[in-house]
Structure formats: structure tokens, C-alpha cells
Amino acid sequence: VACCILVQLCFATGASNIVNRHSGNFPRNKETPSYNNVLKTSQQVQWKELPDLMTLTSELGLKAFYLFVQQAGLATMLRGKGPWTVFAPTNSAFDRLPQDVKAALADPEVLNRVLLYHMVPKELKAGSLQNNKVITTANNDTVMANVYEDQEAGQDKVLTINGSPVYKENQMARNGVLHIIDKVLFPLTTGTALQYLRQDNATYSQTLKLLEVAGLNNTLNDTTGHTFLLPTNAALEKLDPAQLRHLMNDSRTASQILKRHILQDVIFQAGFYDNEKIKTLEDNNEELTVLVGPGGMELYGNGTFSRVLVADVPVSNGVVHVVDTLMFKP
């Protein structure tokens, strides 16, 4: 079940005028504040003028997130000392959640875990979020930051968190920073790509067998970040039965085909653009072509089109996109 030019907010301290007034060679009397004290006092005033993260959430109009945080009993935490980083989804992001996910959030334990997945117990401004940066959240799960070129919007970069584009960056609070994101971070990361497949044997049993034949289990289970274009059992069953039996007994061909379904970098859906050429792990460095349109996203390789059925499944070693066809043409 189920994404901006970097901006930094700076504050004038007013200390420079004070330095100018006291730059002469005359003795400073006891009533004249020192430069360090003025700077410290100015910073304290600025800190006090900023709202806490909970108040900032309300001021930014993030009503759904605000109410859920209250409901989960986490408001005191976001009003406390911090520092925190909060990835706060827009109201429309909550509205777009499937009904079964909305129903699941009625469970206090699930709601608490999902909200803590959007919070990091340290301050992370947008400039510190490099591509493929793995971030440990407040519930000890992980999210991944990615920075992509925005080819269509004419912007230099797009920052995403688990594939969710950051809508507004660096909204500062006295106890941390808030970034507004375009999706609710759900599902949570539950392990490696291989572990993800093993959790749904009914959908991926044949895929798991083919991966074992191909000798790629370690690739799906290691810490190196990749994009995994994983076919379902139904995708494999589109093959002629004799062809599928042959693949299940031909490790070299199986490895060649499945490496075509593993990209060299971590690319969430927001990082793809139409007619992009992307490199795979296949030995001959074959490239796939990405086709993005109103109906979704397809990939073209080895004379075969494969449609993405489920995009942006976060795993600890990258991202999974579930595809409906094995890119293999006998």
C-alpha cells in the first residue's frame, strides 16, 4: 500500500551597528554591553520570536497533520526543546490516502508510528540533505533523501523524502525546522528489497525463485542503494510456460534478464522524466527508456514494454517499483 530551489532563512542580528558604535579607542563603561553579550541577547530574542514546531504547523495551515499530532499525544514533544526536523504532509496528501490506510490510522499505535516516521530528532536543513542520504527517524526507522534534476519544470533540483517532493523547505521554528512534503510517508520502510518480497510470497514466489536461480539474492539484500523493478508472479506467467521453465534452469540468462531490472542508482518516481535513458546492472551496460505520461510510467528494454503497477515502495537499500511485465524477448 501506499516530491525547489534550496532556500535558507537568515536573520539579521543587528550586532554590526553596535560594533560600529563601539569601534573607537575609548574605554567602555560598565553600562556599555560587550559585543558578545549583545550578539547573544539578539540571538535569544530571535529564538523567542520564532514559534515552536506545533504552532508553526498551525500557522502554515497544515490542519490535518496538526490534528493527527494532537490526537497521537505528540504535541508536547513538538512544543518542547528539540531540535527536531519535521516532514509535514499537506492536507491534500492526507486526503489522497487510500481508504484502507485512513482506516489504519484510526489505530493509535499505527498513527503514532506513522507520525514519528515524519520526525527526526535533530535539525536537518535542506542544504544538508544530499542525494541518497539515509535518515533515522524518531521511531528508529529510516527515510531516504534524494536530489534530482527537474527536467520539465525548469528548476535546478527537486528534493524528495522517500520519493515525496518537498513542497516548501526550511520553515524555521525555535526548536527545529519543518519541510512541507507532497505525500504521506507510507508505507514505512520494513527491510531490504529481498525482505519486502518475502513478506508477500503469494505475489512474489516465482520472482523469488528466479532471483535465486540468477544468484541475485545478495544484491537485493545488501546495503548498496539501487532501484529494483520487480515483476510479480503474474508478470512471469505472461511468458510461455516452456520459456519460464527454461529460465528457471538457466542461471546465466536469468541473471542477465534480472540485472536489466535493477538500476544503478536510487530513483523514486519523482526522479524520472519522459524519454530518459537509465543504466542498469546488466553486464553489457544496456539502457532502459523511461516513458512518463498521464496514464503512469512505463519502461522499455529488450524490445519489451513494462508498466509500473506500484511505485515508490521504500526499502532500506533503495526503492522498489513493481512492474507488470518481465523485460525479456526470446
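Numbers below:
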quantity	calculated
Tail fraction, Cα-Cα pairs, segment 242-284, threshold 11 Å, whole percent	71
Debye intensity ratio in log₁₀ form over the Cα atoms of segment 208-278, taken at each q of 0.14, 0.18 Å⁻¹	-0.50, -0.78
R0 of 41 Å, Cβ-Cβ distance residue 190-residue 274: FRET efficiency to nearest 0.05	0.85
Dipole axis of segment 240-290 (+1 Lys, Arg; -1 Asp, Glu on Cβ), positive-most option in 284, 244, 266	244
With DNA, RNA and ligands ignored, accessible area of residue 238 (1.4 Å probe; Å², nearest 10)	120
In Å, descending, principal axis extents of the Cα set of segment 142-280	62, 32, 24
Sequence-separation-based contact order of segment 47-186, relative, with Cα cut under 8 Å and 6+ spacing, percent	30
Electrostatic dipole magnitude of segment 178-330 [Cβ: Lys, Arg +1; Asp, Glu -1; Cα centre; debye, to 20]	260
P(r) tail fraction, segment 234-330 - alpha-carbon pairs more than 24 Å apart, %	20
Mean Cβ neighbour count within 10 Å, used as a protection proxy, ranking 105-113, 308-316 highest first	308-316, 105-113
Given charges at beta-carbon only (K, R positive; D, E negative), |dipole| of segment 154-241 in Debye	300
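The values are calculated or read from the model by the stated rules, or taken from the named source; none is laboratory data. Keep in mind that this is a model prediction, so the values were computed, not measured. Every residue, glycine among them, receives a Cβ derived from its backbone with ideal geometry; neighbour counts consider all protein chains shown. Heavy atoms of the whole protein, side chains included, go into the accessibility calculation; ligands, DNA and RNA do not. Shrake-Rupley method; radii C 1.70, N 1.55, O 1.52, S 1.80 Å.
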